[in-house]
Amino acid sequence: MKVVFSEQQLKHDPQGFVSSGAQADNPEKPQRAECLLTAALSCDLQHEYPADLGDEVIAAVHTPRYLEFLQNIHPRWSRVPGATAEIVPNIHPLSRSDGYPKSAVGQVGFHVYDGSCPITADTWHSARWSAMTAAHAANCVLSGDAACYALSRPPGHHASQDVAGGFCYLNNSAIAAQLLRTKFAKVAIVDIDVHHGNGTQRIFYERDDVLSVSLHADPERFYPFFWGYANETGTGPGAGFNINMPLPRGTGDDQYLASLHDALARVREFSADALVIALGLDAHEDDPFHGMAISTTGFGAIGTQLAALELPTVMVQEGGYLSDALGENLASFLAGFQNT
Ligand SMILES: [Zn+2]
């Protein structure tokens, strides 16, 4: 199996984010990717650099206005007297149909939904290469690879068509799924990140060709709070094609694996032709977000269950933050996936 990764993804290095109202140290660090690359190589994955597939693969999922915003906002913001080095919003519209201002400050509020998504001078560059990594991995699977691991960073599953949030700018998993659709009629996305994949949900919410399944800590008391409830099942043609499985805080291996078993039954029922795994590793017991208590061994069992679907598979890295176990969790997942 290949691991797709470009060092260009490391340039984005935001220092802060807003946590409970205070500026805090940003945990979405470039070192995450270095740790995960080392782990992937230790599992004998072959490193491949992503090709530049052009902005079209990104524009298949995101709006032109949003992409123009991401490319240009940092120099525009920097011209505002007294502006900070890292862009963080301070005002938001109540609805997506509200007015679209010309002001840089106003547009930041429109396109960034929370305080955990600072934009630096390098954000567009790295986010674009993170998207290319996912797209390249999807292309490998389109060309016949049984599975491919996209080491995408910054992550993507909280970003929707025109909104960034939760350390995510471009939705890498959605970009991979959309590309897989050029060959495969039905694509399933299974999101195992501890946080609900609200951006992915929104992108495919009205579609019946991409099934979105997310297992995550119950949003009643966990980020992203407003989305991820079991009654969010899709609308229009997409009705019934969005599945949320909120799990209690502190969920361990046994309960998680039983829920995953049920989730994958829905993927089989859907008759998916290809699979995207939104591979968050932050459900681990030592992850700094402490949403669940999955063990390192548990990630191996999760990988084995997903491999049993026997589908062409793109794994797209999502969350998972620095702890002594981060690399071991990826290695366990990959070993579990490959040993079936
Ligand atoms: Zn997460």
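The values are calculated or read from the model by the stated rules, or taken from the named source; none is laboratory data. These numbers come from a predicted model, not from an experiment. Quick reminder, even Gly has a Cβ in these numbers, built from the backbone with ideal geometry, and neighbours come from all protein chains shown. With ligands, DNA and RNA removed, areas are computed over all heavy atoms of the protein, side chains included. Shrake-Rupley method; radii C 1.70, N 1.55, O 1.52, S 1.80 Å.
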- Message: Compute the angle between helix 253-270 and the longest alpha-carbon principal axis of the chain, please, reported from 0 to 90 degrees and rounded to the nearest 10.
- Response: 90
- Among 330-337, 191-198, 57-64, 83-90, how do they line up from the highest to the lowest mean number of other beta-carbon atoms within 10 Å? 191-198, 330-337, 57-64, 83-90
- Message: Assuming a strict under-27 Å limit between Cα atoms, what lysine pair count do you get for the chain once near-sequence pairs (fewer than 8 apart, same chain) are dropped?
- Response: 5
- Expressed to two decimals, the chain has a Cα Rg over Rh, using the Kirkwood radius, of 0.94
- Note on the structure: For the chain, cysteines with no other Cys Cβ under 4.7 Å from their own Cβ are listed as Cys35, Cys43, Cys117, Cys168
- Item | Taking only Cα atoms of the stretch 138-200, radius of gyration then Dmax in Å | 12.0, 34
- Message: Can you list residues from other chains, or at least 5 along the same chain, whose modelled amide H is less than 5 Å from the amide H of Leu247?
- Response: His216, Ala217, Asp218
- Message: Can you compute the label reach from Ser42? Point 7 Å from Cα along the Cβ direction, backbone N cut-off under 15 Å, restricted to the stretch 298-338.
- Response: 300, 322-336
- Query: Under unit Cβ charges (Lys, Arg +1; Asp, Glu -1), what dipole magnitude, rounded to 20 debye, does the stretch 74-215 have relative to its Cα centre?
  - Reply: 340
- In the stretch 1-17, which residues have a backbone nitrogen under 14 Å from the label point lying 7 Å from Thr84's Cα in the Cα-to-Cβ direction? 14-17
- Loop-resident sites, the stretch 31-87, for trypsin sites (Lys or Arg not before Pro), counting at most 13 other Cβ within 10 Å (DSSP): Arg79
- Specify the residue with the greatest mean-square fluctuation among His136, His216, His261, computed from a Gaussian network of the chain linking alpha-carbon atoms under 10 Å apart. His261
- Message: Give me the 1.4 Å probe accessible area per residue for the chain, excluding ligands and nucleic acids, in Å².
- Response: 38
- Message: Restricting to DSSP H runs of at least four residues, report the calculated mean residue ellipticity at 222 nm for the chain, -39500 (n - 2.57) per run over all residues, nearest 500 deg cm²/dmol.
- Response: -11000 deg cm²/dmol
- Task: Using amide H atoms built 1.01 Å from N in the peptide plane, name the residues 5+ places from Val194, or on other chains, whose amide H lies under 5 Å from its own.
- Result: Asp282, Ala283
- Task: Apply the Karplus parameterisation 6.51 cos²θ - 1.76 cosθ + 1.60, with θ equal to phi minus 60°, to every residue of the stretch 37-54 and state each ³J(HN,Hα) to the nearest whole Hz, in sequence, with x for glycine and proline.
- Result: 5, 4, 5, 5, 5, 5, 8, 6, 6, 9, 6, 10, 7, x, 7, 7, 8, x
